[in-house]
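What follows is a single structure, written as structure tokens, with notes after it.
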Amino acid sequence: MSDDELKRDGGPGPPRTAAQAPSLSARILHRLRNYMIAGILVTAPIGLTVWLSWLFVTWIDDRVMPLVPLKYHPEAYLPFSIPGLGLIIVLIGLVLIGALTANLLGRFFLRIFERVLERMPIIRGIHATFKQVFETLLSHQSEAFRQVVLVEYPRRGIWALGFLTGETLGEVQNLTAEKVLNIFLPTTPNPTSGFLLFLPEDDVVVLDMTVEEGIKMVMSGGIVTPEDVRPLEVRNTPRVSAKIFEDLDILRERHKGRDPGNSQPGRRDQPDRA
């Protein structure tokens, strides 16, 4: 076997010179770099979580503790403050309010308060909107934000990740021939803002990933991608294609063009082109 064949086969070649071999300092720097990256991967998620939690706790404390008389502050008896006391007060207050509204007397005062709000022109709409949203999200039987879906947006052939918020009702559904779903399309990296889309049920692809996994994928810009836990034979079988939906759109437009009820005055039907 020649020397060229030995080189291609990974056999013995010319010995590495001192210039080609990494120096001791380069090896040390490379190892230190790997250690530093490993340290960042370990400490960054923990540090950010603790930092955001601390910001939330201090934000609650700064707004609740000024409402508490100074003689009840821990600083009046201790040489240090107790963080999170305001958050505990808020949680206790929410539990007490929920317990009061669960009985007959609490519901009576709640109805009186809501009737007062209904008489205020601007506050009435704001209160009704927030009440309906929270009742939908916190209901035990609510299906809002329970499924992650895949839709084509902003055009055919481009897929976007969205969340199913429910079935479309009212005027929007009555004006459409197909069954329509409410889809919330979040923005990256802030999933709290986005767009509300009304899409036909046939154009929505429901995914098996959880809502938490979908939110992580949106916030990370696709860097964090959940693993596909479906069986191997299912993963290897494509379910949707942009070409399929494009063909469906063409068929729908042709069907509308042949329907006499959809013709408009002064408009001549164009012949179908192959």
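Do you know which of the residues in region 121-149 that are modelled with pLDDT of 75 or more and of a type in the set (Gly, Ala, Ser) is nearest to Val204 (Cα to Cα)?
Out of the qualifying residues, it is Ala128.
Among all residue pairs at least 6 apart or on different chains, which show Cβ distances below 7 Å where the first residue, located in region 155-179, is at pLDDT below 90 and the second is loosely packed, with under 15 Cβ neighbours inside 10 Å and of a type in the set (A, V, I, L, M)?
Qualifying pairs under 7 Å: Arg156/Ala242; Gly157/Ala242.
Regarding Glu114, is this residue in a helix (DSSP H, G or I), surrounded by fewer than 13 Cβ atoms within 10 Å (Cβ to Cβ) and acidic (Asp, Glu)? Full working, then the answer.
Numbers: in a helix (DSSP H, G or I): yes; surrounded by fewer than 13 Cβ atoms within 10 Å (Cβ to Cβ): no; acidic (Asp, Glu): yes.
For Glu114, the condition - in a helix (DSSP H, G or I), surrounded by fewer than 13 Cβ atoms within 10 Å (Cβ to Cβ) and acidic (Asp, Glu) - is not met.
With the requirement that a residue be part of a helix (DSSP H, G or I), surrounded by fewer than 11 Cβ atoms within 10 Å (Cβ to Cβ) and more than 29 Å from the chain's Cα centre (by Cα), what does region 97-107 give you?
Passing the criteria: Ala99, Leu104, Leu105.
For region 204-239, which positions are in contact (Cβ under 8 Å) with a residue 12 or more places away in the chain, among the hydroxyl-bearing types (Ser, Thr, Tyr) and either in contact with a helix residue (DSSP H, G or I) (Cβ under 9 Å, 6 or more places away or on another chain) or within 18 Å of Phe145 (Cα to Cα) (or both)?
Thr210 - this is the single residue of region 204-239 that is in contact (Cβ under 8 Å) with a residue 12 or more places away in the chain, among the hydroxyl-bearing types (Ser, Thr, Tyr) and either in contact with a helix residue (DSSP H, G or I) (Cβ under 9 Å, 6 or more places away or on another chain) or within 18 Å of Phe145 (Cα to Cα) (or both).
I'd like to know if region 192-203 contains one or more residues that are in contact with a Pro (Cβ under 9 Å, 6 or more places away or on another chain), free of Cβ contacts under 8 Å to residues at least 40 places away in the same chain, of a type in the set (Val, Ile, Thr) and loosely packed, with under 12 Cβ neighbours inside 10 Å.
Yes: region 192-203 contains one or more residues that are in contact with a Pro (Cβ under 9 Å, 6 or more places away or on another chain), free of Cβ contacts under 8 Å to residues at least 40 places away in the same chain, of a type in the set (Val, Ile, Thr) and loosely packed, with under 12 Cβ neighbours inside 10 Å.
Going by the conditions given, is Leu185 within 10 Å of the chain's Cα centre (by Cα), closer than 12 Å to Leu150 by Cα and either of a type outside the set (Asp, Glu) or surrounded by fewer than 11 Cβ atoms within 10 Å (Cβ to Cβ) (or both)? Show your work before the answer.
Details: within 10 Å of the chain's Cα centre (by Cα): yes; closer than 12 Å to Leu150 by Cα: yes; either of a type outside the set (Asp, Glu) or surrounded by fewer than 11 Cβ atoms within 10 Å (Cβ to Cβ) (or both): yes.
Here the answer is yes, as Leu185 does meet what is asked.
Considering every residue within region 121-135, establish whether at least one is at negative phi, exposed (fewer than 10 other Cβ atoms within 10 Å of the Cβ) and part of a helix (DSSP H, G or I).
Start the filter on region 121-135 by keeping residues that are at negative phi, which leaves 121-135.
After this cut, where a residue has to be exposed (fewer than 10 other Cβ atoms within 10 Å of the Cβ) as well, the list is 121-122.
Next cut, part of a helix (DSSP H, G or I) only: 121-122.
The answer is yes; a qualifying residue exists.
The values are calculated or read from the model by the stated rules, or taken from the named source; none is laboratory data. Keep in mind the model is a prediction, meaning the values are calculated, not measured. Glycine gets a Cβ as well: all are built from the backbone with ideal geometry, and neighbour counts include every protein chain shown.
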